[in-house]
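Working notes, beginning with the structure itself.
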Amino acid sequence: MNYMDRYRYWCSAGLPADVQAELASIANDEEELKGRFGSDLQFGTAGMRGIMGAGSNRLNRYTVRRAAQGMAAWLSGTDLPQKAAIGYDSRHNSQLFAEVCAVAFAEAGIHTYLYDRLAPTPMLSYAVRELGCGCGIVISASHNAGAYNGVKCYGPDGCQMTDAPAAIVTEKIAGIAYFLPEEKSFPEFMAEGKISYIDQSVWEKYYTTVLAEAVEPEMIRSAGLNIVYTPLCGTGNEPVRTVLGRLGVNITVVGCQEKPDGDFKTCEYPNPETDAALNESYKVARTAPCDVILGTDPDADRVAIAVPNGDGFQKLSGNELGFLLMDYILKARSARGDLPEGAEVVRSIVSSPLADRVAAHYGVAMKTVLTGFKYIGGEILELENKGEEKKFVFGFEESCGYLKGTYARDKDAVVASMLVCEMAASLKKQGKTILDALEELYRTYGYYLAYVQSIELTGADAMEKAAKMMADLRSHVPETIGGAKVTIVRDYQVSRAKDLASGAESVIYLPKSNVLELILGEQGSVIARPSGTEPKVKFYYTAVGETKQAAKTLLDALVAQMTQ
């Protein structure tokens, strides 16, 4: 079918009046027609994510239902428990889409557990394992703008779905017709007991489990820690405040971002990686007692912090918070002597290698994995299969994702918020700030400055443009970048690394992925990878210097050359 065939098919399907009106409103808008009907919304390892609206390339109850039916068909063909768990965030239609998914599972004879209110993504990951489910779904577009929503899919281990089962789900979806009527309504399946709400006891067990991951919880109450917290109109409000409240943190909430708001009116792009996401927090922190500003994204799997600095505030990068938390945990556990033998920490390949030096200082092994927290979860699963899960100490991604503990297999802003407060309290009692601790790490290990650049591509062929950008870089690797010589090229697509001086090649023992890493000796690196969910290519820069200014000068030169 071409885009007009798909459009006419939808127009003739007898859909509800509001959907028909939406379709009629774009009848003469060719660009809109191509955007909405030029293809089917793609299902990948992370599930589906897209702009909400009518159309085969939009997220709506029909595309969501097909995805859930595909998931149900896959699960029905396995020996996994015929149970599923579902959670949802504060976005428009999230509860509706969650109920649509629950009905699709119930139709296939799969008992479905649904959170009865907003719940963070990590709580869904936890529920899959706690309730013994074969799979899980969370309705969320994470930190995207309010026009988006998504269906994130999880396997029985609580990790985001991996390539092999995702490929089967994709195949199943392709064979499912649009607009198949529901056998029964959501309330009817609820009344029959085929769908049930997740009990409050699961929430309490999650809280207990998170609190058990504290390193020095007694520090918080005795330090009199004050934080300003924003849930960015998302799911973190209840669980973050519950956990921190039980530890004695003094919390001032950013009032205009406390309640759920799918429009995100006070923060158009609710991504804690960006400084703008904390603008409202800065206003509150100017008048409220504040040692730390905490912000969690709408599905509360990412957290970012800012701290007072002179007359203003300094926001830390995801990398900086990652290696600070790692150092805090390893230092405290080393002092107590309870680091397990063979302890491991894990980071993604695009996260700061300064963390490797921190790990080595404490005699802890660093594992590097591909981008995507499911790969960190995979490392935990590998340890678990050997009965060695206690060796996992901490994992992080530069995109503000952190996890301590093995109770969930996705990043968790709730446990990370608790650890931030512990660290800040511990430093406060020593007469130090988080910025003091950051500077100490830089002085000890070198100034590793990082920057992430996203090249957003537009048009119907945006994904093809992204592929061409990667192909062009592979075929024209620069000899130097920003004055630093390229010494090693690591191509994760072919699993090979090449030393450009000697010509020697070696194998990369990670799953194949469309990632190219250019190593600049001891001076840093540039990594390029296309986004898995959006038409963009991301460039990750690391510049290393003996002083902050030297590192900053090199970083600016790297970005300038690659941008040109």
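The values are calculated or read from the model by the stated rules, or taken from the named source; none is laboratory data. What you see is a predicted model; the values in this text were computed from it and never measured. So basically every Cβ, Gly included, is an ideal-geometry build from the backbone, and we count neighbours across all protein chains shown. Ligands, DNA and RNA are excluded from the accessible area calculation, which covers all protein heavy atoms including side chains. Shrake-Rupley method; radii C 1.70, N 1.55, O 1.52, S 1.80 Å.
Can you pull out the trypsin sites (Lys or Arg not before Pro) in the range 322-419 whose DSSP state is coil and whose Cβ has at most 12 other Cβ atoms within 10 Å?
On the way: sites: 331, 333, 336, 347, 357, 367, 374, 386, 390, 391, 404, 409, 411; in loops: 386, 404, 409, 411.
Passing sites in the range 322-419 are 386.
Proximity of backbone amide H atoms, modeled 1.01 Å from N, is registered between residue 369 and 347, 348, 349 at under 5 Å, excluding neighbours fewer than 5 places apart on the same chain. Annotation for the range 221-290 versus the range 52-90: alpha-carbon center distance of 32 Å. For the range 197-266, what class follows from the C-alpha gyration tensor (a ≥ b ≥ c being the square roots of its eigenvalues): rounded when a/c is under 1.5, otherwise prolate if a/b is larger than b/c, else oblate? Here the range 197-266 falls in the oblate category. Between the helical axis of 237-246 and the longest alpha-carbon principal axis of the chain there is an angle of about 40 degrees. Put simply, when 425-431, 13-19 are sorted by average Cβ atoms within 10 angstrom per residue, most first, you get 425-431, 13-19.
Loop only per DSSP, at most 14 neighbouring Cβ atoms within 10 Å: give me the trypsin sites (Lys or Arg not before Pro) in the range 67-159, ordered by residue number. Mind dumping the intermediate values first?
On the way: sites: 83, 91, 117, 129, 152; in loops: 91, 117.
Taking the range 67-159 and a limit of 14 other Cβ atoms within 10 Å, the loop trypsin sites (Lys or Arg not before Pro) found are 117.
For the range 210-269, trypsin sites (Lys or Arg not before Pro) are listed when DSSP marks them as loop and at most 12 other Cβ atoms sit within 10 Å of their Cβ; the list is 265. Once the 1.4 Å probe is applied to the protein heavy atoms, the range 76-193 comes out at 34 Å² accessible per residue. Which shape class, rounded, prolate or oblate, goes with the range 372-443 when its Cα gyration tensor gives a ≥ b ≥ c as root eigenvalues, a/c under 1.5 marks rounded, and past that a/b bigger than b/c marks prolate? Prolate, since a/c reaches 1.5 and a/b exceeds b/c. With contacts taken as Cα pairs under 8 Å at a separation of at least 6 residues, the range 1-107 carries a relative contact order of 20 percent.
Summary value for the range 222-263: 55 percent relative contact order, contacts being C-alpha pairs under 8 angstrom separated by 6+ residues.
If you roll a 1.4 Å probe over the chain with all protein chains in place, what percent of the accessible area is carbon or sulfur? All intermediate terms of the calculation are to be shown ahead of the outcome.
Working: 11260 of 22510 Å².
Whole-percent figure for carbon plus sulfur exposure: 50.
For the range 512-564 versus the range 136-212, the inter-centroid distance based on Cα atoms is 36 Å. Averaged per residue, the range 504-559 has 45 square angstrom of accessible surface, using a 1.4 angstrom probe with ligands and nucleic acids left out.
Which order do you get for 275, 299 if you rank them by accessible area with a 1.4 Å probe, largest at the top?
Working: 275 80, 299 0 Å².
Ranking 275, 299 by accessible area, largest first, yields 275, 299.
The residues of the range 199-308 have, on average, 36 Å² of accessible surface per residue, using a 1.4 Å probe with all protein chains present. Phi-derived couplings, Karplus 6.51 cos²θ - 1.76 cosθ + 1.60 at θ = phi - 60°, listed residue by residue for the range 461-477: 9, 4, 5, 5, 4, 5, 4, 5, 4, 5, 5, 5, 5, 5, 8, 9, 5 Hz, with x used for Gly and Pro. Rounded to the nearest Hz, the phi-derived 3J(HN,Hα) couplings of the range 46-57 under the Karplus curve 6.51 cos²θ - 1.76 cosθ + 1.60 (θ = phi - 60°) are 8, x, 10, 8, x, 6, 7, x, 6, x, 6, 9, where x marks glycine and proline.
Could you pull out the pairs from 428/548; 83/411; 172/512; 152/259; 152/429 whose alpha carbons sit more than 30 Å apart here?
Values: 428/548 25 Å; 83/411 23 Å; 172/512 24 Å; 152/259 23 Å; 152/429 41 Å.
Beyond 30 Å: 152/429.
Candidate cross-link partners of residue 34 among the lysines, defined by an alpha-carbon separation under 18 Å and a same-chain spacing of 8 or more, comprise 465.
What range in the chain is the longest one free of chymotrypsin sites (Phe, Trp or Tyr not before Pro) that are in a loop by DSSP and have at most 13 other Cβ atoms within 10 angstrom?
On the way: sites that count: 179, 509.
Between the exposed loop sites, the longest stretch runs 180-508.
For residue 488, the amide hydrogen comes within under 5 Å of the amide hydrogens of 500, 519, 521, counting only partners 5 or more places away or on other chains and with H modelled in the peptide plane. The sum of -39500 (n - 2.57) across all DSSP H runs of n ≥ 4, divided by the residue count of the chain, sets its helix-only mean residue ellipticity at 222 nm to -12000 deg cm²/dmol. For the range 62-75, 3J(HN,Hα) computed residue by residue from phi via the Karplus equation (6.51, -1.76, 1.60; θ = phi - 60°) reads 7, 5, 5, 4, 4, 4, 5, 5, x, 4, 5, 5, 5, 4 Hz, glycine and proline entered as x. Rolling a 1.4 Å probe over the protein chains gives residue 256 an accessible area of about 70 Å². As a length-normalised measure over Cα pairs under 8 Å and 6 or more apart, the relative contact order of the chain settles at 11 percent.
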